[in-house]
Amino acid sequence: MQRYLILAALLAVSSLSFAQKGEKAINPTQMVRDILALEADSMQGRLPCSLGEKRTVSYLTSRMQQLGLKPAFGSSFTQPVPLATIQSKLPKHVSISTPKGEIPLYAGDDFTLWSPTTQPHVQINGSPIVFVGFGVTAPENEWDDFAGIDVRGKTIIVLVNDPGFYNNDTSLFKGKAMTYYGRWRYKFEEAERRGAKACLIIHDEAGAGYPWSVVNTHTNGKEFYIDDASLANPSCVATGWITKNAAQKMLSASGYRLNELMDAAAKRGFKAVDLASTFSVDIENVLSKGVSHNVGGYIRGTKFPNEVVVYTGHWDHLGFGKPVAGDSICHGASDNASAIAWMFAIAEAFRNAPAPERSILFLSPTGEEAGLLGSSYYVQHPTFEMRNTVALFNTDVFVFLGRFKDITVTGPGHSELDRMLEIEAASQGRYLAADPTPENGMFYRSDQQPFLKAGVPALFAKGYVEAVELGKEKTAIANADYWKSIYHKPTDRFKIGLHKIDGVYEDAVLFYRLGSKLANSRVFPKWSKSSEFYVER
């Protein structure tokens, strides 16, 4: 408690005049203009390495110039991000050799795979299959699914999410709430570190947070990667998912039941299981290369210019998709034109207030939809050193439901930023709400994640669970409709007269206030020791 009182006092050092001068410059009409410009047909869904990117980057650069920001990358507002696009062409089916004979698995129906390598042909012949529970090594949780087994050259089968999700044991990791260990990305990273040949995650809609149709879009699809040396010769040359039904067939042929293995894997002391089966597949990779761009501008701090507070909102979206009412452009008004409008509004506020003591960076990364590629590249090639990056404020996917009584923290409990936000939200008469679906792991699905891994405390928060005009119940219904009918579809558009910008506006004011106070203080927010990203600061 004493630490929080000190924080509140330090943050209060920023005079009210700083906030007042800046807030008056935030213009809701301009926020709508930004959203409409970025969701327009001419932007073609803002796919990286496309004409849509060229037009989007031109717009973002022009707006940063209008805002009077300094170029974040030397003399340029853009940071080239080298990308490799790999289309992994799968056979119609593969065979699993089991003690009870061959089991055919059909691409798209039973499994999906992609190959994260620039090698034109990938062949796996008779790779032994091992079930390794959740595929997690977490010393701070006294957990190691790889204890006592060498999986080099093998195909590992893993469960999605964390142990606590399946048995409601709050003493395991964070119980129902997903940690980074539960994300598919971590599973593949650990498979590579362990030298596995292939990694298949057993799909579970509740555990993953999305249906099979989402992961099935990878089947014979194109995947973006940062183009670097790691793609040339990885250990794990095939990554993907397998349905629960297909996994059950394979396990039954090896003498096991999926439910029993899931129960065992969610308990301490679990040991990996050799399934006495093998996996074989031939994959043809079609490679192309291109360059996408992060876009960034900054305000130079007056006293501590090498220290920085960062605001992020990714610019990219999906390009074209399945037509809805004759429209195939994935416009991405909510995801994520709204966040860029939010970020530019905050930049306008800072430009119209006395210059901050610390620098402020406004970064719009590319490739978020492809796996956080732009933000990952920035963290590897930063303008400001990570150790001098005070905090990151990211947002993604606003719902246009008007003002909110809450500010919902997606992924709470990682740092002191939660408490700082709670203090500031109270000045707007708002309360801090916890993520309503922490098991979905949304905290690890946007651009704060590379910064977290690099040791930078971050917030991903927005009004979400209680719209002022709707109340909690109707807000929940509206949110559910968004995720079902609008998210990642051509229907994600801003409709004047129906949608409301005042909730995005109010969040811009809130995060401007918080960022202004941090930028005019000597506070470096501390990590919570319970966070998997914990480091001393």
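The values are calculated or read from the model by the stated rules, or taken from the named source; none is laboratory data. Note that this is a predicted model, so its numbers are computed, not measured. Every residue, glycine as well, gets a Cβ built from its backbone with ideal geometry; the counts of neighbours run over all protein chains shown.
Just one of the numbered conditions (1) in a helix (DSSP H, G or I); (2) surrounded by fewer than 22 Cβ atoms within 10 Å (Cβ to Cβ); (3) touching a helix residue (DSSP H, G or I) at 6+ places or on another chain (Cβ under 8 Å) is not true of PHE165: (2).
Per-residue answers, yes or no, for (1) at pLDDT 95 or above; (2) farther than 18 Å from SER364 by Cβ:
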{"site": "ILE6", "(1), (2)": "no, yes"}
{"site": "ALA9", "(1), (2)": "no, yes"}
{"site": "THR29", "(1), (2)": "yes, yes"}
{"site": "ALA40", "(1), (2)": "yes, no"}
{"site": "PHE77", "(1), (2)": "yes, no"}
{"site": "ILE103", "(1), (2)": "no, yes"}
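Yes/no matrix, rows are residues, columns are (1) out of contact with any Phe, Trp or Tyr (no Cβ under 8 Å at 6 or more places or on another chain); (2) crowded, with 18+ Cβ neighbours inside 10 Å; (3) among the polar types (S, T, N, Q):
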position: THR437; (1), (2), (3): yes, no, yes
position: GLN448; (1), (2), (3): no, yes, yes
position: VAL456; (1), (2), (3): yes, yes, no
position: GLU466; (1), (2), (3): no, yes, no
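Within segment 356-368, the set of residues being closer than 16 Å to THR312 by Cα and part of a loop (DSSP other than H, G, I, E, B) comprises PRO365, THR366, GLY367, GLU368.
Does VAL399 fit the bill of being touching a strand residue (DSSP E or B) at 6+ places or on another chain (Cβ under 7 Å) and in contact (Cβ under 8 Å) with a residue 40 or more places away in the chain?
On the way: touching a strand residue (DSSP E or B) at 6+ places or on another chain (Cβ under 7 Å): no; in contact (Cβ under 8 Å) with a residue 40 or more places away in the chain: yes.
It is false that VAL399 is touching a strand residue (DSSP E or B) at 6+ places or on another chain (Cβ under 7 Å) and in contact (Cβ under 8 Å) with a residue 40 or more places away in the chain.
Could you look through segment 282-296, keep only residues that are small (Gly, Ala, Ser) and out of contact with any Asp or Glu (no Cβ under 9 Å at 6 or more places or on another chain), and pick out the one that is nearest to HIS218 (Cα to Cα)? Per the criteria, the residue is SER288.
Check whether at least one residue in segment 443-450 is in a loop (DSSP other than H, G, I, E, B), of a type in the set (D, E, K, R), within 22 Å of the chain's Cα centre (by Cα) and closer than 27 Å to ASN168 by Cβ, and report yes or no. Explain how you work it out, then say what you get.
Of all residues in segment 443-450, those in a loop (DSSP other than H, G, I, E, B) come to 445-447.
Then keep just the ones that are of a type in the set (D, E, K, R); that gives 445, 447.
Now narrow it down to the ones that are within 22 Å of the chain's Cα centre (by Cα): 445, 447.
Adding the requirement that they be closer than 27 Å to ASN168 by Cβ leaves 445.
So far as segment 443-450 goes, yes, one or more of its residues are in a loop (DSSP other than H, G, I, E, B), of a type in the set (D, E, K, R), within 22 Å of the chain's Cα centre (by Cα) and closer than 27 Å to ASN168 by Cβ.
Does GLY371 fit the bill of being modelled with pLDDT under 95, under 30 Å from SER50 (Cα atoms) and either in a loop (DSSP other than H, G, I, E, B) or over 12 Å from the mean Cα position of the chain (by Cα) (or both)? So GLY371 fits the description; yes.
For residues that are touching a residue at least 60 places away in the same chain (Cβ under 8 Å) and among the charged types (D, E, K, R), scanning just segment 469-491, find the one that is nearest to ASN27 (Cα to Cα). The residue in question is GLU469. All of PRO71, PRO128, PRO80, PRO120 fail the test of being within 22 Å of SER235 (Cβ to Cβ), out of contact with any Lys or Arg (no Cβ under 9 Å at 6 or more places or on another chain) and in contact (Cβ under 8 Å) with a residue 24 or more places away in the chain, apart from PRO120.
Identify, from the list GLY503, GLY411, GLY497, GLY463, the residue that is on the phi > 0 side of the Ramachandran plot and either among the aliphatic types (A, V, I, L, M) or over 17 Å from the mean Cα position of the chain (by Cα) (or both).
Just one listed residue meets the conditions, GLY497.
Answer yes if at least one residue in segment 132-152 is assigned by TED's automatic domain parsing to the domain that holds SER277, acidic (Asp, Glu), surrounded by 19 or more Cβ atoms within 10 Å (Cβ to Cβ) and in a loop (DSSP other than H, G, I, E, B), and no otherwise. Quick ask: steps written out before the conclusion?
Step one: list which residues in segment 132-152 are assigned by TED's automatic domain parsing to the domain that holds SER277, which gives 132-152.
Next cut, acidic (Asp, Glu) only: 140, 142, 144-145, 150.
Filter once more, keeping what is surrounded by 19 or more Cβ atoms within 10 Å (Cβ to Cβ): 145.
Next, only the ones that are in a loop (DSSP other than H, G, I, E, B) stay: 145.
Scanning segment 132-152 turns up at least one residue that is assigned by TED's automatic domain parsing to the domain that holds SER277, acidic (Asp, Glu), surrounded by 19 or more Cβ atoms within 10 Å (Cβ to Cβ) and in a loop (DSSP other than H, G, I, E, B).
When segment 317-352 is filtered for residues that are surrounded by fewer than 22 Cβ atoms within 10 Å (Cβ to Cβ), hydrophobic (A, V, I, L, M, F, W, C) and over 23 Å from the mean Cα position of the chain (by Cα), the ones remaining, listed by number, are VAL324, ALA325.
In segment 151-162, what count of residues is obtained for those that are touching a Gly at 6+ places or on another chain (Cβ under 8 Å) and in contact (Cβ under 8 Å) with a residue 40 or more places away in the chain? Before the answer, list the steps.
Step one: of segment 151-162, the residues touching a Gly at 6+ places or on another chain (Cβ under 8 Å) are 151-153, 156, 158-162.
Among the residues that remain, those that are also in contact (Cβ under 8 Å) with a residue 40 or more places away in the chain are: 151-153, 156, 158-161.
Final tally of qualifying residues: 8.
Kindly indicate whether any position in segment 403-416 is β-branched (Val, Ile, Thr), buried (at least 24 other Cβ atoms within 10 Å of the Cβ) and part of a helix (DSSP H, G or I). No, that holds for no residue.
Answer yes if at least one residue in segment 427-437 is among the charged types (D, E, K, R) and in the same structural domain as PHE362 (by TED's automatic domain parsing), and no otherwise. Taking every residue of segment 427-437 in turn, at least one turns out to be among the charged types (D, E, K, R) and in the same structural domain as PHE362 (by TED's automatic domain parsing). The residues on offer are PHE511, PHE494, and the sole one that is in a helix (DSSP H, G or I), out of contact with any Cys (no Cβ under 9 Å at 6 or more places or on another chain) and in contact (Cβ under 8 Å) with a residue 60 or more places away in the chain is PHE511.
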